[in-house]
Amino acid sequence: MPNPSVVLATAGYDHTVRFWEATRGICYRTLQYADSQVNKLEITPDKQYLAAAGNPHIRLFEVNTSNPQPVTSYDGHTGNVTAVGFERDGRWMYSGSEDGTVKIWDLRAGGYQREYESRGAVTTVVLHPNQTELISGDQNGNIRVWDLTANACSCELVPEVGVAVRSTSIASDGSLVVAANSSGTCYVWKLQRGAKTTAHFEPLHKLHAHNGYILKCLISPDVRLLATTSSDKTVKLWNLDGFKLERTLEGHQRWVWDCVFSVDAAYLVTASSDCSARLWDCASGEAIRVYAGHHKAAVCCALNDSAVDI
């Protein structure tokens, strides 16, 4: 089995998770996910496990093995799981679901340890780099900050009443938060850097990024670019210094659902309803690899190419 320094996986509506050799574009392992479509993928920081979020379960698979079975199943949501991620040290996992809840799971214990009620179908959850706050967005247009230390909602925002928030992203240095919605708009706020909690969102910019839905927004690891993926089949790269459009990535034939940057922000992987994923050079805007093999829509991708501290 390859023990890759780069772990790249895609999944979607054909009930499979596929692992790819990133540079060669070859699928070297396929997992069956029998229960449902896969909505989201995330790789643990140590690259040992892959979480696949479906309806309504989350399954954890081993990355460096030929074992086709999940090692753990996390059951507790009652609707589509739309968000999944890990704490920096990989001790716990967070999730969000259309059942209206955000949950926290200790990976060494069974079941979930905490649950937060959003009062609307949760579409997106991200973890603040301080590791003590989650930011969620929902179908009703609400953004909420969940303070894990206080175990409560510490802040609520409604950028556009009644317009679903589709995706949120927070800068790796904690300086910015972006929320993208179904009307093609990104709202950008400045956060107070170094503050213990995120109580104050200072409006910075309103970006009309696409004429269709924005399905994913993502700030690059170096906090230089904002990527937006859309139902208009394009991906756009915006310079966060002035919010000028740097590149439009064209090539997907259908909706583009998900994206993830390489750790150095030089490359972007995208997943689309056209059954493919693509690897883009952010500087040139060229697609340098197409990952073809899914039989139905590919709606999520995960990449971990960072160095792991041994």
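Is there a residue in the range 156-164 that is in a loop (DSSP other than H, G, I, E, B), of a type outside the set (A, V, I, L, M, F, W, C) and more than 21 Å from the chain's Cα centre (by Cα)? Within the range 156-164, one or more residues are in a loop (DSSP other than H, G, I, E, B), of a type outside the set (A, V, I, L, M, F, W, C) and more than 21 Å from the chain's Cα centre (by Cα).
Residue count for the range 90-108 under the criterion of being crowded, with 23+ Cβ neighbours inside 10 Å and touching a Lys or Arg at 6+ places or on another chain (Cβ under 6 Å): the result is 1. Pairs meeting the criteria (first residue in the range 227-252 and within 19 Å of Thr168 (Cα to Cα) and at pLDDT 95 or above, second residue open to solvent by 50 Å² or more (accessible area, probe 1.4 Å) and among the acidic types (Asp, Glu), beta carbons under 6 Å, at least 6 apart or on different chains) are Thr234/Glu250; Leu237/Glu246; Asn239/Glu246. When the range 109-149 is limited to residues that are of a type in the set (Asp, Glu) and touching a Lys or Arg at 6+ places or on another chain (Cβ under 9 Å), the one that is most open to solvent (accessible area, probe 1.4 Å) turns out to be Glu115.
Restricting the range 165-176 to residues that are under 19 Å from Val84 (Cβ atoms) and hydrophobic (A, V, I, L, M, F, W, C), the residue that is surrounded by the most Cβ atoms within 10 Å (Cβ to Cβ) is Val165. Just wondering, is there one or more residues in the range 92-102 that are in contact with a Leu (Cβ under 9 Å, 6 or more places away or on another chain), part of a strand (DSSP E or B) and within 19 Å of Cys275 (Cα to Cα)? No: zero hits. The residue of the range 199-211 that is surrounded by the fewest Cβ atoms within 10 Å (Cβ to Cβ), among those that are at pLDDT 95 or above and over 20 Å from Ala283 (Cα atoms), is His208.
Number of residues in the range 76-89 that are open to solvent by 20 Å² or more (accessible area, probe 1.4 Å) and not in a strand (DSSP E or B): the value is 5.
The values are calculated or read from the model by the stated rules, or taken from the named source; none is laboratory data. Here the structure is a predicted model, which means the values were calculated and not measured. Quick reminder, even Gly has a Cβ in these numbers, built from the backbone with ideal geometry, and neighbours come from all protein chains shown. Each accessible area value is taken on the protein alone, full model and side chains, heavy atoms only, with ligands, DNA and RNA left out. Shrake-Rupley method; radii C 1.70, N 1.55, O 1.52, S 1.80 Å.
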